[in-house]
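This report concerns only the one structure given below.
The values are calculated or read from the model by the stated rules, or taken from the named source; none is laboratory data. What you are looking at is a predicted structure, and each value in this text was computed from that prediction instead of being measured. Cβ: placed from backbone, ideal geometry, glycine included. Neighbour counts: every protein chain shown. Note: areas computed on protein heavy atoms with side chains; ligands, DNA, RNA excluded. Shrake-Rupley method; radii C 1.70, N 1.55, O 1.52, S 1.80 Å.
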Amino acid sequence: DGFAAEKLFNQGYSYTYDDVIFLPHYIDFPTDAVQLDTRLSRNIPLSIPCVASPMDTVSESHMAVAMAALGGIAIIHSNTTPSGQAAMIRSAKSRRVPIHSNPIFSSPSGRIVSIDDFGDSQCILVTESGSVKSKLLGYVSKSDWMKLSDKEVKIYDYMVNSSVSVPWSSNLSEIDAFLEGKSRDFVPLVRDDEVVDVVTKEEVERIKGYPKLVAGSIGADGEWLVGAAIGTREQDRERLEHLVKAGANVVVLDSSQGNSIYQIEMIKYVKKMYPELDVIGGNVVTVNQAANLIQAGVDGLRVGMGSGSICTTQEVCAVGRGQATAVYKVSSIASKSGVPVIADGGISYSGHIVKALVLGASTVMMGSFLAGSTEAPGAYSYLNGQRIKKYRGMGSLEAMTKGSDARYLGDTAKLKIAQGVVGAVADKGSVLKFIPYTMQAVKQGFQDLGASSLLSAHDLLRSRELRLEVRTGAAQVEGAVHGLVSYEKKSF
Ligand code: XMP
């Protein structure tokens, strides 16, 4: 009944996730017996198969901390200066709680002249040097500052002298107990006698209500696992040095067409200079592209060309591949060399994640799925009464103007052609809430297929026990909600 993947994907068609459907198999275990632990790359284990895209409307430090706390990982984008990107990595690695923090520091001899100096914080931390990673001397709270009649006085004249803090590696319940016990609104985090961050009661209260976090992604350095994107230009070698110093656990060579001499040289350079660092190559969609990068020594492959929600590559350049076919084809060759595959782009709901993983991927990389979350960069706004956040392609003119053109232009290209758009996505709340529910849905899909892990799913597919079919246009309509006058789409 149905077709083996090998047959289905060798008929000359390019299939997207929506084109194909699995036939149910046999269930002999409960949903909770499904294990989704996996690998991002050869040496990076994850407890959930989720990766946040290196895009400037998706992955900065807040997303990195949250994804790591969930057991996944985020790849910090490179559409900023090397030191800006390194600072985001350091910030994500400075705490063990998935909170948002934007600490502001000053020295005791400084002055606070405007309320804007507080940014979105309720306090300014006073340290010896006036910056992060320095000895804590005290703080100034916004309410204390508002009461000052003379705003020109120096901070040491009115700051609260206090070195009260908790260790940087404190977990949520320890910090919560501390704030409760001391009736405080915030507490600085200290490492080796230096302040590295601050946690507010407001953030702790926000996180307490979400599903309980089980195993976070902690690296050999004892800190959150954080990845970083780089390009393949000469100046990216210097950027790489910054990122490694900041503690990046893995680097992703960010290119829409990864099968190039530039990328192969960069893979070899990374492996020679930093043999301990995993390097992920891509993007690729064919067996030949993948073979070249595997031969060059990649530790992981990123798959997808033009399947992203904001992509126009297939329209502009006439190159790409349907994502289901691309994931299946690349995974078939990558698995022979033990190279994990990241299915990048085109994920709109949990069923797409099941399809990507069963077709051979070890993880899925998501942009639009995460861009409307609390943890994505940028503020919410309103469009026709709906709360939205901006989401843009890194090949959009707007993003390239900020510097991301390395991903989409050859070295000599002077004229910019967009391969992506700028848009917006709906508010989805916190990833700390919707990712655990999404993973539960993925587990149910695996259970229906009789696969209790990613490895067993891949085995079932390869042994032709799992069967698929192509859905006609009418079958796709039937497979989605239809025939109702109205309905509310809520999954949890
Ligand atoms: P989703 O579907 O998750 O896709 O939103 C995210 C992935 O899309 C890729 N990406 C782009 N592709 N033009 C493209 O052709 C772009 O401007 C662009 N920006 C991002 C990228 O692989 C990302 O992970």
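The table below lists the values:
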quantity	calculated
Filter pass, residue 307 being of a type in the set (Gly, Ala, Ser) and within 11 Å of the ligand (Cβ to nearest atom)	yes
In the stretch 428-443, the residues that are under 21 Å from residue 391 (Cβ atoms) and surrounded by 16 or more Cβ atoms within 10 Å (Cβ to Cβ)	428, 430, 431, 432, 433, 434, 435, 438
Test: residue 446 is of a type in the set (Phe, Trp, Tyr) and either open to solvent by 70 Å² or more (accessible area, probe 1.4 Å) or over 26 Å from residue 339 (Cβ atoms) (or both)	no
Test: residue 121 is at pLDDT 90 or above and in a loop (DSSP other than H, G, I, E, B)	no
Lone unmet requirement of (1) modelled with pLDDT of 95 or more; (2) assigned to a loop (DSSP other than H, G, I, E, B) for residue 151	(1)
Residue 97 being under 16 Å from the mean Cα position of the chain (by Cα) and buried (at least 23 other Cβ atoms within 10 Å of the Cβ)	no
Residues (among the charged types (D, E, K, R) and on the phi < 0 side of the Ramachandran plot) located in the stretch 428-464	428, 433, 443, 448, 459, 462
Filter pass, residue 379 being in contact (Cβ under 8 Å) with a residue 12 or more places away in the chain and more than 9 Å from the ligand (Cβ to nearest atom)	no
Conditions (1) assigned to a helix (DSSP H, G or I); (2) of a type outside the set (Ser, Thr, Tyr); (3) under 30 Å from residue 9 (Cβ atoms); (4) away from the ligand (no atom under 16 Å from the Cβ): number failed by residue 263	(4)
Of all residues making up the stretch 324-346, the number that are within 15 Å of the ligand (Cβ to nearest atom) and either open to solvent by less than 10 Å² (accessible area, probe 1.4 Å) or of a type in the set (Gly, Ala, Ser) (or both)	9
Test: residue in the stretch 412-420 that is more than 22 Å from residue 256 (Cα to Cα) and either buried (at least 18 other Cβ atoms within 10 Å of the Cβ) or not aliphatic (A, V, I, L, M) (or both)	no
Qualifying residue in the stretch 234-243 (condition: surrounded by fewer than 16 Cβ atoms within 10 Å (Cβ to Cβ), modelled with pLDDT of 95 or more and in contact with a Ser or Thr (Cβ under 8 Å, 6 or more places away or on another chain))	no
Subset tally (residues that are in contact with a Pro (Cβ under 7 Å, 6 or more places away or on another chain) and open to solvent by 30 Å² or more (accessible area, probe 1.4 Å)) for the stretch 155-172	2
For residue 314: the one exception among (1) near the ligand (Cβ under 9 Å from one of its atoms); (2) buried (at least 18 other Cβ atoms within 10 Å of the Cβ); (3) without any contact (Cβ under 8 Å) to a residue 60 or more places away in the chain; (4) not β-branched (Val, Ile, Thr)	(2)
Residue count, the stretch 173-215 (criterion: open to solvent by 40 Å² or more (accessible area, probe 1.4 Å), among the aliphatic types (A, V, I, L, M) and within 21 Å of residue 68 (Cβ to Cβ))	3
Meets criteria (open to solvent by less than 70 Å² (accessible area, probe 1.4 Å), part of a loop (DSSP other than H, G, I, E, B) and modelled with pLDDT of 95 or more) for residue 466	yes
Members of the stretch 352-376 that are in contact with a Gly (Cβ under 8 Å, 6 or more places away or on another chain), more than 19 Å from residue 440 (Cβ to Cβ) and within 13 Å of the ligand (Cβ to nearest atom)	365, 367, 368
Residues (touching a residue at least 40 places away in the same chain (Cβ under 8 Å), open to solvent by 60 Å² or more (accessible area, probe 1.4 Å) and more than 33 Å from the chain's Cα centre (by Cα)) located in the stretch 117-154	152, 154
Single residue of the stretch 373-387 satisfying the filter (over 19 Å from residue 52 (Cβ atoms) and in a strand (DSSP E or B)) that is least open to solvent (accessible area, probe 1.4 Å)	381
Test: residue 1 is of a type in the set (D, E, K, R) and within 18 Å of residue 439 (Cβ to Cβ)	no
Selected residue (criterion: nearest to the chain's Cα centre (by Cα)) from residues of the stretch 271-290 that are part of a helix (DSSP H, G or I) and surrounded by 24 or more Cβ atoms within 10 Å (Cβ to Cβ)	290
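Residue-by-condition table, conditions (1) assigned to a loop (DSSP other than H, G, I, E, B); (2) farther than 30 Å from residue 126 by Cα:
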{"site": "188", "(1), (2)": "no, no"}
{"site": "196", "(1), (2)": "no, no"}
{"site": "199", "(1), (2)": "no, no"}
{"site": "213", "(1), (2)": "yes, yes"}
{"site": "233", "(1), (2)": "yes, yes"}
{"site": "236", "(1), (2)": "no, yes"}
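This table checks each residue for (1) touching a strand residue (DSSP E or B) at 6+ places or on another chain (Cβ under 7 Å); (2) of a type in the set (A, V, I, L, M); (3) surrounded by fewer than 19 Cβ atoms within 10 Å (Cβ to Cβ).
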{"site": "71", "(1), (2), (3)": "yes, no, no"}
{"site": "74", "(1), (2), (3)": "yes, yes, no"}
{"site": "79", "(1), (2), (3)": "no, no, no"}
{"site": "84", "(1), (2), (3)": "no, no, yes"}
{"site": "87", "(1), (2), (3)": "no, yes, yes"}
{"site": "93", "(1), (2), (3)": "yes, no, no"}
{"site": "101", "(1), (2), (3)": "yes, no, no"}
{"site": "108", "(1), (2), (3)": "yes, no, yes"}
{"site": "114", "(1), (2), (3)": "no, no, yes"}
